[in-house]
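Presented below is the structure to which this report refers.
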Amino acid sequence: MTKRTFKGKTILVTAGPTHEPIDPVRFIGNHSTGKMGYALAESFAIRGARVQLVSGPVNLEAKHPQIHVTAVTTAEQMYEAVKSMAATADILVFAAAVADYRPKVVADKKIKKSGNELTIDLVKNVDIAAALGKAKKETQFSVGFALETNNESENAREKLQKKNLDMIVLNSLNDPGAGFKHDTNKITIIEKDTVTAFDLKHKSEVAEDIVNLIWERVNA
Ligand code: CTP
């Protein structure tokens, strides 16, 4: 049994993609599997935390009894769920791959094929991490994720500040074996004054590394 316990702490984790409906049979989504968020939830729960896992549509099951799952579909639903639970959370982890835009109009009937081109107007979704960052309490610790292809550290640092996060976990798409479709990940954790790089590892081990560093910071 590890000494790095989160007993008595409530952790809010977002995970998976969001699906933004176009019509009754189609949606805009992304390749997120939710594995990273679920691995984090598991790791916190094993260390004694109560975990509120707000999850987009995934093929995963949270097994630990200390993990309470709220299943959502869209970014708006994820935001509403997170907002209602945020005040009681000690640590917030934004691991979801939230769709940045949603169709402006959702057709109530299946869109039929017609013409050679189809244009769908999109409107911006709420930035959940940024909105919660604005309401963050002095005692709360928050962690975001960033997936970048270029200017990685610079972009991650900008997000750290813009979303009022304490820590950002950077996945680089330039690293083979890292990202959406793999069971492994290679991360760099960026904080205001510190950069910590890790090797390519299984996502459950990556979750351990992240949770260990969070523990160090909240118990410093
Ligand atoms: N995030 C969020 N709500 C959104 C978009 C992102 O909570 N609508 C969170 C993600 O969970 C992640 C972090 O913000 O922790 C970074 O997401 P990312 O998509 O990389 O950042 P964006 O601000 O959307 O920037 P861009 O897509 O332009 O790189």
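The values are calculated or read from the model by the stated rules, or taken from the named source; none is laboratory data. Keep in mind it's a predicted model, so treat the numbers as computed, not measured. Note that we place each Cβ from the backbone using ideal geometry, even for glycine, and neighbour counts take in every protein chain shown. The area values use the complete protein model at the heavy-atom level, side chains included, leaving out ligands, DNA and RNA. Shrake-Rupley method; radii C 1.70, N 1.55, O 1.52, S 1.80 Å.
Quick rundown of the values:
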{"read-out": "Two-site label geometry, Glu154 and Thr196: point separation in nm, points 7 Å out along Cα→Cβ", "value": "2.6"}
{"read-out": "Relative packing of peptides 186-196, 158-168 - highest average C-beta neighbours within 10 Å first", "value": "158-168, 186-196"}
{"read-out": "Relative contact order of the chain, defined on C-alpha pairs under 8 angstrom at six or more residues apart (%)", "value": "20"}
{"read-out": "Spin-label model distance (nm) - Ile120 vs Glu80, 7 Å beyond Cα toward Cβ", "value": "2.1"}
{"read-out": "Neighbour-limited loop hits for trypsin sites (Lys or Arg not before Pro), segment 1-50 (at most 15 other Cβ within 10 Å; DSSP other than H, G, I, E, B)", "value": "Lys3, Arg4, Lys7"}
{"read-out": "10 Å-binned pair-distance histogram of segment 5-64 (Cα, whole percent)", "value": "23, 44, 22, 9, 2"}
{"read-out": "Heavy-atom surface of the chain, accessible at 1.4 Å and reported per residue (Å²)", "value": "55"}
{"read-out": "Helical mean residue ellipticity (222 nm; -39500 (n - 2.57) per DSSP H run of 4+; nearest 500) of the chain", "value": "-8000 deg cm²/dmol"}
{"read-out": "Where Cα atoms sit under 12 Å apart: lysine pairs in segment 159-220 separated by 8 or more or lying on different chains", "value": "4"}
{"read-out": "Protein accessible area in the chain, 1.4 Å probe - carbon and sulfur %", "value": "50"}
{"read-out": "Backbone HN-Hα couplings from phi across segment 74-84 [Karplus 6.51/-1.76/1.60, Hz, Gly and Pro as x]", "value": "9, 4, 4, 5, 5, 4, 4, 5, 5, 4, 6"}
{"read-out": "Formal net charge of residues neighbouring Gln66 (Cβ-Cβ distance under 15 Å; K, R +1; D, E -1)", "value": "+2"}
{"read-out": "In Å, descending, principal axis extents of the Cα set of the chain", "value": "62, 36, 31"}
{"read-out": "GNM result for the chain, Cα springs below 10 Å: residue of Ser114, Ser142, Ser43 fluctuating most strongly", "value": "Ser114"}
{"read-out": "Between 0 and 90°, nearest 10: helix 152-162 axis offset from the chain longest Cα axis", "value": "90"}
{"read-out": "Coil-residue GluC sites (Glu not before Pro) of segment 1-88, DSSP, other Cβ within 10 Å capped at 16", "value": "Glu61"}
{"read-out": "Counted charge near Ile190, where neighbours are those whose Cβ lies closer than 12 Å (Asp, Glu -1; Lys, Arg +1)", "value": "-4"}
{"read-out": "Other-chain or far-sequence residues with amide H under 5 Å of Thr70's (modelled H)", "value": "Leu53, Val54, Ser55"}
{"read-out": "Dipole magnitude of the chain about its Cα centre (Cβ charges: Lys, Arg +1; Asp, Glu -1), debye to nearest 20", "value": "560"}
{"read-out": "Tail fraction, Cα-Cα pairs, segment 98-220, threshold 26 Å, whole percent", "value": "36"}
{"read-out": "Under 15 Å, Cβ to Cβ, from Val123 - net charge with Lys/Arg +1 and Asp/Glu -1", "value": "-2"}
{"read-out": "In Hz, Karplus ³J(HN,Hα) per residue of segment 108-113 (6.51, -1.76, 1.60; θ = phi - 60°; x = Gly, Pro)", "value": "7, 10, 3, 6, 7, 5"}
{"read-out": "Gap separating the Cα centres of segment 137-177 and segment 1-21, nearest whole Å", "value": "17"}
